[in-house]
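Structure, as structure tokens:
The numbers here are math on the coordinates, done by the rules we state, and not lab data. Please read all numbers here as calculations on a predicted model, not as lab measurements. Don't worry about glycine lacking a Cβ; one is built from the backbone with ideal geometry, like all the others, and counts go over all protein chains shown.
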Amino acid sequence: MNIKTHDTTDTLVIAGKSYRSRLLTGTGKYKDLDETRRATLAAGAEIVTAAIRRVNLGQDPHAPNLLDALPPGEFTLLPNTAGCYNAVDAVRTCRLARELLDGHKLVKLEVLGDERTLFPDVVETLKAAEQLVADGFDVMVYTSDDPILAKKLEQIGCVAVMPLAAPIGSGLGIQNKYNLLEIIENAKVPIIVDAGVGTASDAAIAMELGCDGVLMNTAIAGAQDPVLMAHAMKLAIEAGRAAFRAGRIPRKRFASASSPIDGTIG
Amino acid sequence: MHITLNGHPHDCGDNFTVIQLLHEAGYAGRRVAVEVNHEIVPRSQHGGYALREGDKVEIVHAIGGG
């Protein structure tokens, strides 16, 4: 018997391109590039983030680099603007990324507000998003969980809006279900939870809410066994998505018997 | 000639081109992007782009990040 549990048409579409995986992964904080690659493969991720940084002059220029481990032909690279605290630096970083990756247009915009919270500076984020969209970039934007702002970023022309679930690297899980739901229900572009996931159940909850995907880094790279956690996250994303599509039962205050009442003895 | 390379003072030959600078640093032919005074210098122009005294040059690449 063939039970249809997997719909191959249920794909994540970003900027016109379809992806089977709804788990997007970061590439920071791994022990080495080998672990980065093994965890990325275990996660089944097709979209992977990368940071743009100055080369280390004086070090071996021929040492293996990220793009050797995760070649752009095999993965969709998502260069980020991590570490930028204003729109000017974020736009510069995206232009460098586009040059680096031969005209690649897809970028992850994040403009941070301060080092303690790593919360986004939403004013600078809006400014940068406008400039980048006008400059022809496909912008996936990290933002706070504010539904009004999420809508504005969509209206500017961002191809995906990525609200945080909790602070970056905190592992606190989904702290803002109702804000996320409000964002999801009003969105016309993919909503991807970016930041805050700690373990597999957090990823499943995000997907059960109806998120289109989850982007995570620390939860995998910081686990004691990153490759195993990457596998767990892959399963959680798939389980959460299937549960969302299946449609959960309503919550009730009282019991509802699972066995028929009719025909009981006595 | 004095320039600033990746935020540090750097000496190079007069009228050094971007490609000469990349050769000197060992990054010629590697996947890097170059910016001079906040403007991208496309790869196709590295050979013909002559640097000038005081230029601020950035050479960047991709590394792991979230």
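Hey, could you get me the Stokes-Einstein D for the range A:177-266, Kirkwood radius over alpha-carbon pairs, 25 °C and 0.890 mPa s, rounded to whole µm² s⁻¹?
On the way: Rh = 15.1 Å.
Roughly 162 µm²/s, to the nearest whole number.
Using R₀ = 45 Å, calculate the FRET efficiency as 1/(1 + (r/R₀)^6) where r is the Cβ-Cβ separation of residue A:242 and residue B:14; round to 0.05.
Working: r = 65 Å, r/R0 = 1.45.
It comes to 0.10.
Placing dummy labels 7 Å off each Cα toward the beta-carbon, the span from residue A:155 to residue B:52 is 4.3 nm. Only alpha carbons enter this Debye calculation for the range A:1-126, each as an equal point scatterer, and the log10 of I(q)/I(0) it gives at q = 0.16 Å⁻¹ is -0.93.
In chain A the longest region clear of trypsin sites (Lys or Arg not before Pro) that are loop-assigned by DSSP and have at most 13 other C-beta atoms within 10 Å covers A:32-115.
Would you mind pulling out the separation of the Cα centroids of the range A:98-137 and the range A:177-228, in Å? Using only Cα atoms to place each centre, the spacing works out to 20 Å. Applying 1/(1 + (r/R0)^6) with R0 = 45 Å to the Cβ-Cβ distance of residue A:34 and residue A:265, what FRET efficiency is obtained, to the nearest 0.05? That gives a FRET efficiency of 0.10.
In this rough spin-label picture, where each label sits 7 Å from Cα along the Cβ direction, the residue A:102-residue A:115 distance is 3.8 nm. Axis angle, to the nearest 10 degrees, between helix A:87-100 and the longest C-alpha principal axis of chain A: 80 degrees.
Calculated mean residue ellipticity, 222 nm, the protein assembly as shown: -9500 deg cm²/dmol, from DSSP H runs (n ≥ 4) at -39500 (n - 2.57) each, averaged per residue and rounded to 500. Helix A:147-156 and the longest principal axis of the C-alpha atoms of chain A enclose an angle of approximately 50°.
One quarter of the convex hull surface, Cα atoms only: what value does that give for chain A in nm²? Don't skip to the end; give the middle numbers.
Details: hull surface 75.4 nm².
Mean shadow area of the hull around the Cα atoms is 18.9 nm².
Working note: Cα gyration tensor of chain B, eigenvalues times five, square-rooted, sorted largest first, giving semi-axes of 19, 14, 11 Å.
Taking the Cβ-Cβ separation of residue A:256 and residue A:178 as r and a Förster radius of 25 Å, what is the calculated FRET efficiency to the nearest 0.05?
Working from the Cβ atoms, E equals 0.50.
Equivalent ellipsoid of the range A:58-164: semi-axes from √(5λ) of the C-alpha gyration tensor, largest first, are 25, 16, 12 Å.
Rounded to a whole number, what is D in µm²/s for the range A:114-266 from Stokes-Einstein with the Kirkwood radius over alpha-carbon pairs (4 °C, 1.567 mPa s)?
Numbers: Rh = 17.0 Å.
My calculation gives 76 µm²/s for D.
For the protein assembly as shown, the residue among A:144, A:43, B:6 whose Cα projects farthest onto the positive side of the dipole built from Cβ charges is A:43.
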